[in-house]
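> What follows is a single structure, and I will ask about it in a moment.
Any read-out appearing in this document is the output of simple, stated calculations on the displayed coordinates, not a laboratory observation. All figures in this text were calculated on a predicted structure; none of them were measured in a lab. Here the Cβ is made from the backbone with ideal geometry for all residues, glycine too, and neighbour counts use every protein chain on show.
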Amino acid sequence: MSAYLVFTKEKTLDAAELAIYQQKILPTLGTHGLKTLVAYGHHEVLEGAATEGVVIVEFPNTTEAKAWYNSPAYNEAREHRFKGAEFRCVLVEGI
């Protein structure tokens with residue numbers, strides 16, 4: 001069953017750190033069956049607090065999603081995301 005990681009950027013803290021994150025994440029994008037479905041396209045919040053952006057990535061299953069999220073390469077990139085902005089990340093299974 002497909003699994004999805006949904007990232008919502010709530011608030012930018014340091015644009016330079018986010019730029020480092022973007023550079024470091026690129027080599028991880030072709031791994032674990034990851035497929036980017038949405039990446040900061042136009043969005044409209046219909047309920048809840050405003051967000052600055054949304055990213056949705058698809059994986060073959062939750063095992064691969066967690067393997068990517070917990071991989072050493074993504075962990076290194078993720079540290080810059082933590083410094084660069086407040087995000088929410090949700091893992092959800094498809095139907």
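> Given the conditions (1) at positive phi; (2) surrounded by 14 or more Cβ atoms within 10 Å (Cβ to Cβ), report the number of the one that T51 does not fulfil.
The one condition T51 does not meet is (1).
> Of these, A65, A73, A49, which one is of a type in the set (A, V, I, L, M), more than 12 Å from the chain's Cα centre (by Cα) and more than 22 Å from T12 (Cβ to Cβ)?
Just one listed residue meets the conditions, A73.
> Please indicate, with yes or no, whether at least one residue in segment 65-84 is among the charged types (D, E, K, R) and closer than 11 Å to Y4 by Cβ.
No: segment 65-84 contains no residue that is among the charged types (D, E, K, R) and closer than 11 Å to Y4 by Cβ.
> Let me ask something additional. Take the conditions of a type outside the set (S, T, Y), within 13 Å of T8 (Cα to Cα) and in contact with an Asp or Glu (Cβ under 7 Å, 6 or more places away or on another chain) and apply them to F87. Does it pass?
When the stated conditions are applied, F87 passes them.
> On to the next question. For segment 1-36, which positions are of a type in the set (D, E, K, R) and exposed (fewer than 12 other Cβ atoms within 10 Å of the Cβ)?
K11
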